[in-house]
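Coordinate-derived values only; no laboratory data. Keep in mind it's a predicted model, so treat the numbers as computed, not measured. We place every Cβ from the backbone using ideal geometry, glycine too, and count neighbours over all the protein chains shown.
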Amino acid sequence: MRRKIVAGNWKMNKTLPEGKQLASEVINIVADEGPADVEVIINPPFIHLAPVVQLAAGQDKVKIGAQNCSEYEAGAYTGEVSAAMLRSVGVDYVIIGHSERRQYFGETSEQLAKKINRALEQELQPIFCCGEPLEVREEGAHFDYVCTQLTESLFHLTREQLARVIIAYEPIWAIGTGQTASAQQAQEMHARIRAHLATQYGEEAANKTPILYGGSCKPSNARELFANPDVDGGLIGGASLNARDFVEIVKSFS
Ligand code: PEP
């Protein structure tokens with residue numbers, strides 16, 4: 001059986017006091033109601049990470065991730081945060097290649113491949129995001145587009161390294177728009193991603209890789225999305241900013 005995972009991406013939201021409050025609420029509600037077999041991750045902004053890791057100490061149901069890391073190991077890169085720094089504050093996961101990073105900050109597949117390497121060197125689990133813009137879907141080129149993203153940023157990894165990677169399929173047209181991919185659209189892309197992984201790493205490795213769906217996932221549609229055989233959970237943006245909504249999504253596996 002594959003891991004079930006729900007990860008919250010807070011993006012650039014919440015001051016530190018607000019973030020600590022939200023993290024405490026999520027930790028408390030998950031402690032009371034969270035299913036034992038779902039891995040729950042919250043990804044606050046960088047400066048919240050150390051205090052939120054402290055809040056999460058002493059429990060193991062909610063894990064902490066970052067939203068990005070540098071492609072460089074260390075040095076004169078003003079404003080950057082390295083994978084080693086994340087590891088040093090007790091972070092376990094890092095989102096890499098979110099479409100907002102690709103779109104607004106020009107991150108390329110080549111840079112993302114380096115970020116994946118930096119994360120794995122520090123024993124962080126990368127949550128690698130992929131997904132097509134609307135015009136690519138309208139042209140019918142979405143499967144090739146997403147498979148190319150995977151090939152370019154992940155296929156240099158060994159099978160052992162891939163085993164530490166979580167993939168998040170996030171169609172750009174569904175992120176923050178209220179427009180969700182249908183359960184069928186999510187399932188067919190997830191199956192295609194898995195088949196593509198199998199061409200490089202074999203069926204067994206592909207079958208073990210968690211593939212999350214992201215894009216306007218909320219309590220009202222999570223159950224239908226997570227019921228698909230190749231959808232192993234979600235990467236949640238807007239709805240992760242409300243503890244109750246987020247935990248309802250965590251509880252949406254059948
Ligand atoms: C995201 O940005 O990772 C995301 C899925 O956002 P939203 O849930 O708000 O669409």
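Expressed as a whole percent, the proportion of Cα-Cα pairs in segment 4-253 lying more than 24 Å apart is 42%. Among 85, 12, a tally of other beta-carbon atoms within 10 Å of each Cβ gives an order, fewest to most, of 12, 85. The distance linking segment 155-186 with segment 132-146 is 14 Å (Cα centroid to Cα centroid, whole angstrom). Each of the peptides 124-133, 47-56 was scored by the mean count of other Cβ atoms within 10 Å over its residues; in descending order, highest first, they stand as 124-133, 47-56.
If you find the alpha carbon centre of segment 190-216 and of segment 52-75, how far apart are they in angstrom? The two parts, judged by their Cα centres, are 25 Å apart. Counting other Cβ atoms within 10 Å as a rough exposure proxy, the listed residues 164, 244 run 244, 164 from fewest neighbours to most. Fewest-first ordering of 223, 118 by other beta carbons within 10 Å of each residue's beta carbon gives 223, 118.
With respect to the cross-link table entries 11/218; 61/114; 20/61; 20/114; 14/114; 114/218, which display a Cα-Cα separation exceeding 26 Å?
Check vs 26 Å cut-off fails for 61/114; 20/114; 14/114; 114/218.
The residues packed around residue 238, meaning those with a beta-carbon under 11 Å from its beta-carbon, carry a net charge of +1 if Lys and Arg are +1 and Asp and Glu are -1. Loop-resident chymotrypsin sites (Phe, Trp or Tyr not before Pro) (DSSP state other than H, G, I, E or B) in segment 37-115 with no more than 16 further Cβ atoms inside 10 Å of their Cβ: 72, 77.
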